[in-house]
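Undergrad: There's a structure below that I have some questions on.
The values are calculated or read from the model by the stated rules, or taken from the named source; none is laboratory data. Not measured: the values here are computed from a predicted model. FYI the Cβ positions are ideal-geometry reconstructions off the backbone, even for glycines, and counts take in every protein chain you see. Each accessible area value is taken on the protein alone, full model and side chains, heavy atoms only, with ligands, DNA and RNA left out. Shrake-Rupley method; radii C 1.70, N 1.55, O 1.52, S 1.80 Å.
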4 protein chains.
Amino acid sequence: MDHRNQTVAVIGAGDYIGAEICKAFAAEGFTIFAGRRNGDKLAPLVAEIEAMGGRIEARTLDARNEDEVVAFIAEAEATAPLEVCIFNIGANVNFPFTETTERVFRKVWEMACYAGFLTGREAAKTMLPRNRGCIFFTGATAGLRGGKGFAAFASAKFGLRALAESAARELMPQGIHVAHLVIDSGVDTAWVRDRMAEAGKDRVLMDPASVAQTYIQLWKQPRDAWTFETQIRPMGEAW
Amino acid sequence: MDHRNQTVAVIGAGDYIGAEICKAFAAEGFTIFAGRRNGDKLAPLVAEIEAMGGRIEARTLDARNEDEVVAFIAEAEATAPLEVCIFNIGANVNFPFTETTERVFRKVWEMACYAGFLTGREAAKTMLPRNRGCIFFTGATAGLRGGKGFAAFASAKFGLRALAESAARELMPQGIHVAHLVIDSGVDTAWVRDRMAEAGKDRVLMDPASVAQTYIQLWKQPRDAWTFETQIRPMGEAW
Amino acid sequence: MDHRNQTVAVIGAGDYIGAEICKAFAAEGFTIFAGRRNGDKLAPLVAEIEAMGGRIEARTLDARNEDEVVAFIAEAEATAPLEVCIFNIGANVNFPFTETTERVFRKVWEMACYAGFLTGREAAKTMLPRNRGCIFFTGATAGLRGGKGFAAFASAKFGLRALAESAARELMPQGIHVAHLVIDSGVDTAWVRDRMAEAGKDRVLMDPASVAQTYIQLWKQPRDAWTFETQIRPMGEAW
Amino acid sequence: MDHRNQTVAVIGAGDYIGAEICKAFAAEGFTIFAGRRNGDKLAPLVAEIEAMGGRIEARTLDARNEDEVVAFIAEAEATAPLEVCIFNIGANVNFPFTETTERVFRKVWEMACYAGFLTGREAAKTMLPRNRGCIFFTGATAGLRGGKGFAAFASAKFGLRALAESAARELMPQGIHVAHLVIDSGVDTAWVRDRMAEAGKDRVLMDPASVAQTYIQLWKQPRDAWTFETQIRPMGEAW
């Protein structure tokens, strides 16, 4: 593997999509900075990436904490220029509107929107001086549609989409590619498979690795043909 | 004036749109519960509404405080059944993305989105037992488009729109009319007039009273033809 | 009834929504010009409106024919200034994509889109010299969403919405109110009631008279608070 | 170059985007079927593709004629299984609403929408028996926004987008990838360069080859992560 002297920061390096993003960019030769709430859980991912000859630094990170986000991005940049920053924290919950507590509403927003703002802003500050870099946000259908029971989640995801769009309008003319990827399906996890089996459904599920490849494609886009927003779903998904 | 034994709560009863909403519903015979950050500033509005034979209660209200919102809605309901609740707090700011502080981002969200959640949820709890009532949210173009410099404001307004949409899907089948009014223009205030004059522009501005009449029309809609979202702009507004 | 020296043209004055629009504007004192494919079928509507003291002229009109549309609008204008023009022709069909014939695709477009273009353009030409008037288009959810089996219908309705939006951007600054009303439900007709009964569903249906009242509200809007697009649905409609 | 026993049909193989699409898929080893109004103009493209070792068949094609489209797709399929079909005909015009003739309105629709329907339907019929294939439509911003002066063009492009969406909902679960690519910028042509120079503007223009690469990326997507709609624009494009 040829190594690049560039880093990719993944905020929300969870077990499925986040981990696959790390692997996909590691395979491209980047040094990965992976952050998640409990950094200890990153051990298997670190082992896997190192086994394939890749480089990764794992960190415990509460992305709702400004100081922690600032330090995380700064450390990545100190290692090698930050080329790609991906915000991948979700917080999917469903409650009847009147039973949504103020604590839930606030916490979901802090995780899925506010942490995305901190991440995007710090990445932008870091990348602007060289007028290059990519800032990608993992979105969801709930960022486009306020479904029943999703007041908290949709509100946060709409908020994330808005800040991504605002950042894109400001940063893209300055050479930074901002994108918002709408994932319109549950990804293929043991839990989703079990729910599908219970429901007697049999269909193509989205492999988290396919989501990661979409980010690779966005990163490869030339400056004259940048996508701000795209969405992906498996062939059988109704929408 | 015939008085109705019903209340209308206006959260964010500011000098322009909020005040006109109070006057318009007072003219329909409702008792108005008007809340704003500094309740003392409501004195002229109270005088005006009482002079025309209307009824209004003015309260100091920080709508970001759950207890205050609960108490405000409860007091309105205790006076007479809450028929209409209007959330009208804005927080329009514009900053370069990298200069948006976490304090601004959080505060704008608390005012324009979180307070709207508290308001809508408390109104819903109050209205659901009788399966009637209206919950209206004042939106803006920034709720549909993340413009340059509006990361904080658009994020909050998108979030407000999402929760309104989610609430509408849940509450409308239960008899509660939820609407989101997109106001696609500055309203006619002394400040806007001055800015227009400076810019050498001469055009029709939106009278806050016209906004208020739009809410009256929404309130009058029968149950078989409810609008969730509509937008208004003056004849010469580009969009 | 006080009569106004103004006409309202209704293109597509069918049995339900179209007829109610005619009645609602007749009740406001306008002279109605009602056109439909088979003008003979307008006899009961003429009788009803005249019985209530209203004025109406019924015409056979194929709105896909440019000469006929030109003549129809000209005749309305010759009677009294054309104040409101409403395009209300639908053409809802559903076919599998590969079974949609070119004849169906073309015909649905001619009825639901091309005829709307002819209508809107002629109304605009007529109204522009006095910088006033209203041009309203009856839209549908299919104008916003290309559902399965609706390639022909959605394509035509999207096309209608696009031309309405383009016309609005050009004509509203010149004093002409252009609006597109999205009707997100079947209206209450004998046929819909039967289908609901068969399906064992019981819910509030949309009264065509409520649709008509929405047009009345749009017509009453002042120039500083015009709506281009709004949508209506009954309280229990899922969306 | 390794050749595939598969064809790619390009309807609207014009000088810029269309030609680059042909070259990009020829470079992947496909046999290209290229159609345009005047097939003689394809001679330089044929020479270029053959010089690089690729395979291409050039045809004169009026895609508004059902028989011609049927024959064109059938000939491609007879040569080798049709794997990708791309509809790439535009018809950008701008006229004041009242000066848009019925002839222009109809012709723009026939070129940009009706021909797309014929193309998509014939491709679908051809691909469905083997439950695989790609049908891609070249869209434009005018497919999402009815700008001033674009009543004819936007109406046609909205119509194209609707039929693509409807086809996607029906065909994707059957294994056919349908996509609509929104190109939000003029592409880099001599004519656009001259207009930019006149306007004193200097910015990154979109290379038609970049558009073609976006189609290559869509074609490469696995079945569990298909994009229906995406948009591309150069880094400096305001939107």
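Undergrad: Being in contact with a strand residue (DSSP E or B) (Cβ under 7 Å, 6 or more places away or on another chain), of a type outside the set (A, V, I, L, M) and open to solvent by less than 10 Å² (accessible area, probe 1.4 Å) is the filter here; which residues of segment A:161-202 pass it?
TA: A:H177, A:H180
Undergrad: Here is a further query. Quick check on D:G116: is it touching a Phe, Trp or Tyr at 6+ places or on another chain (Cβ under 6 Å), closer than 27 Å to D:W226 by Cα and small (G, A, S)?
TA: yes
Undergrad: Still on this structure, please answer the following. Taking D:G53 as the residue in question, decide whether it is under 30 Å from C:F117 (Cα atoms), of a type outside the set (A, V, I, L, M, F, W, C) and more than 14 Å from every other protein chain (Cβ to nearest Cβ).
TA: no
Undergrad: Any idea which of (1) within 14 Å of chain B (Cβ to nearest Cβ); (2) under 16 Å from the mean Cα position of the chain (by Cα); (3) modelled with pLDDT of 95 or more is the one A:A91 doesn't satisfy?
TA: The single condition A:A91 does not satisfy is (3).
Undergrad: Does segment A:122-136 contain at least one residue that is at pLDDT 95 or above, in contact with a His (Cβ under 6 Å, 6 or more places away or on another chain) and farther than 25 Å from B:K107 by Cα?
TA: Checking segment A:122-136: at least one residue is at pLDDT 95 or above, in contact with a His (Cβ under 6 Å, 6 or more places away or on another chain) and farther than 25 Å from B:K107 by Cα.
Undergrad: So how many residues does segment D:25-40 have that are buried (at least 24 other Cβ atoms within 10 Å of the Cβ) and either part of a strand (DSSP E or B) or not hydrophobic (A, V, I, L, M, F, W, C) (or both)? Break it down stepwise before answering.
TA: So in segment D:25-40, the residues buried (at least 24 other Cβ atoms within 10 Å of the Cβ) come out as D:25-26, D:30, D:32-36.
Filter once more, keeping what is either part of a strand (DSSP E or B) or not hydrophobic (A, V, I, L, M, F, W, C) (or both): D:32-36.
The qualifying residues number 5.
Undergrad: Name the residues in segment B:73-96 that are closer than 24 Å to B:V211 by Cα and part of a helix (DSSP H, G or I), would you?
TA: Within segment B:73-96, B:I73, B:A76 qualify.
Undergrad: Does B:V182 satisfy being assigned to a strand (DSSP E or B) and either modelled with pLDDT of 95 or more or of a type in the set (K, R) (or both)? Break it down stepwise before answering.
TA: Working: assigned to a strand (DSSP E or B): yes; either modelled with pLDDT of 95 or more or of a type in the set (K, R) (or both): yes.
Yes; evaluated as a whole, the condition is true for this residue.
Undergrad: Further question on the same structure: Conditions: (1) within 12 Å of chain C (Cβ to nearest Cβ); (2) more than 29 Å from A:G236 (Cβ to Cβ); (3) of a type in the set (D, E). D:E165 meets all but one. Number of the miss?
TA: Failing condition for D:E165: (2).
Undergrad: Condition first: more than 14 Å from the chain's Cα centre (by Cα) and open to solvent by 60 Å² or more (accessible area, probe 1.4 Å). Can you find one or more residues in segment D:16-24 that meet it?
TA: no
Undergrad: Is at least one residue of segment C:134-148 of a type in the set (S, T, N, Q), part of a helix (DSSP H, G or I) and within 18 Å of the chain's Cα centre (by Cα)?
TA: Going through segment C:134-148, the residues of a type in the set (S, T, N, Q) turn out to be C:138, C:141.
With the extra rule that they be part of a helix (DSSP H, G or I), the set shrinks to C:141.
Remaining after also requiring within 18 Å of the chain's Cα centre (by Cα): C:141.
Yes, some residue in segment C:134-148 is of a type in the set (S, T, N, Q), part of a helix (DSSP H, G or I) and within 18 Å of the chain's Cα centre (by Cα).
Undergrad: Among the residues of segment B:220-236, which ones are more than 7 Å from every other protein chain (Cβ to nearest Cβ) and out of contact with any strand residue (DSSP E or B) (no Cβ under 8 Å at 6 or more places or on another chain)?
TA: Correct list: B:K220 only.
Undergrad: Looking only at residues in segment A:41-71 that are outside any helix (DSSP H, G or I) and of a type in the set (V, I, T), which one is most open to solvent (accessible area, probe 1.4 Å)?
TA: Step by step, filter segment A:41-71, then rank; the result is A:T60.
Per-residue answers, yes or no, for (1) of a type outside the set (D, E); (2) more than 24 Å from D:G143 (Cα to Cα):
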position	(1), (2)
C:F95	yes, no
C:E99	no, yes
C:T119	yes, no
C:T126	yes, yes
C:A152	yes, no
C:S155	yes, no
C:L163	yes, no
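Undergrad: Got a sec? Which of D:F158, D:F136 is open to solvent by less than 10 Å² (accessible area, probe 1.4 Å) and under 24 Å from D:S210 (Cβ atoms)? Steps first, please.
TA: On the way: D:F158 fails: under 24 Å from D:S210 (Cβ atoms).
The unique qualifying residue is D:F136.
Per-residue answers, yes or no, for (1) closer than 26 Å to D:L160 by Cα; (2) acidic (D, E); (3) in contact with a helix residue (DSSP H, G or I) (Cβ under 8 Å, 6 or more places away or on another chain):
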position	(1), (2), (3)
D:K23	yes, no, yes
D:G35	yes, no, yes
D:V46	no, no, no
D:E50	no, yes, no
D:I56	no, no, yes
D:A63	yes, no, yes
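Undergrad: Can you tell me how many residues within segment C:181-219 are at the interface with chain B (Cβ under 8 Å from one of its Cβ atoms) and within 24 Å of C:I86 (Cα to Cα)?
TA: Residues meeting the conditions: 9.
Undergrad: Scan segment A:203-219 for residues that are among the hydrophobic types (A, V, I, L, M, F, W, C) and touching a strand residue (DSSP E or B) at 6+ places or on another chain (Cβ under 9 Å) and jot them down. Steps first, please.
TA: To start, the set of residues in segment A:203-219 that are among the hydrophobic types (A, V, I, L, M, F, W, C) comprises A:204-206, A:209, A:211-212, A:216, A:218-219.
Residues satisfying the conditions are A:L205, A:M206, A:V211, A:L218, A:W219.
Undergrad: For segment A:208-236, how many residues are in contact (Cβ under 8 Å) with a residue 40 or more places away in the chain, open to solvent by 30 Å² or more (accessible area, probe 1.4 Å) and part of a loop (DSSP other than H, G, I, E, B)?
TA: 1
Undergrad: If you don't mind, there's one more thing I want to ask. I'd like the full set of residues that are touching a helix residue (DSSP H, G or I) at 6+ places or on another chain (Cβ under 6 Å), among the β-branched types (V, I, T) and within 10 Å of B:A225 (Cβ to Cβ), limited to segment C:184-239.
TA: Hits for segment C:184-239 are C:V187, C:V211, C:I232.
Undergrad: Okay, moving on. State all residues of segment C:183-225 that are small (G, A, S) and in contact with a Leu (Cβ under 8 Å, 6 or more places away or on another chain); if no residue qualifies, say none.
TA: Passing the criteria: C:S185, C:G186.
Undergrad: If I filter segment C:72-125 down to residues being farther than 23 Å from D:E68 by Cβ and among the basic types (K, R), which single residue comes out as least open to solvent (accessible area, probe 1.4 Å)?
TA: Step by step, filter segment C:72-125, then rank; the result is C:R121.
Undergrad: Among all residue pairs at least 6 apart or on different chains, which show Cβ distances below 7 Å where the first residue, located in segment D:150-179, is more than 27 Å from D:E83 (Cβ to Cβ) and the second is among the polar types (S, T, N, Q) and surrounded by 24 or more Cβ atoms within 10 Å (Cβ to Cβ)?
TA: D:F150/C:S166; D:A151/C:S166; D:A151/D:T100; D:A152/D:T100; D:A154/C:S166
Undergrad: Here are the criteria: (1) closer than 20 Å to C:K220 by Cα; (2) modelled with pLDDT of 95 or more. Tell me which single one C:E68 does not satisfy.
TA: (1)
Undergrad: State all residues of segment D:2-15 that are open to solvent by 80 Å² or more (accessible area, probe 1.4 Å) and either β-branched (V, I, T) or within 25 Å of D:D188 (Cβ to Cβ) (or both); if no residue qualifies, say none.
TA: Answer for segment D:2-15, where residues must be open to solvent by 80 Å² or more (accessible area, probe 1.4 Å) and either β-branched (V, I, T) or within 25 Å of D:D188 (Cβ to Cβ) (or both): just D:D15.
Undergrad: For C:G149, are the conditions met, namely being within 14 Å of chain D (Cβ to nearest Cβ) and of a type in the set (G, A, S)?
TA: On the way: within 14 Å of chain D (Cβ to nearest Cβ): yes; of a type in the set (G, A, S): yes.
Judged against the criteria, C:G149 is a match.
Undergrad: Now, a different point. Exactly one condition in (1) without any contact (Cβ under 8 Å) to a residue 60 or more places away in the chain; (2) open to solvent by 10 Å² or more (accessible area, probe 1.4 Å) is not met by B:G143; state its number.
TA: (2)
Undergrad: Can you report the number of residues in segment C:80-117 which are β-branched (V, I, T) and closer than 16 Å to C:A179 by Cα?
TA: Total meeting the criteria: 3.
Undergrad: Let me ask something else. Quick check on segment B:105-124. Is at least one of its residues over 29 Å from C:K201 (Cβ atoms), of a type outside the set (A, V, I, L, M), assigned to a loop (DSSP other than H, G, I, E, B) and more than 10 Å from chain A (Cβ to nearest Cβ)?
TA: No, the conditions are met nowhere in segment B:105-124.
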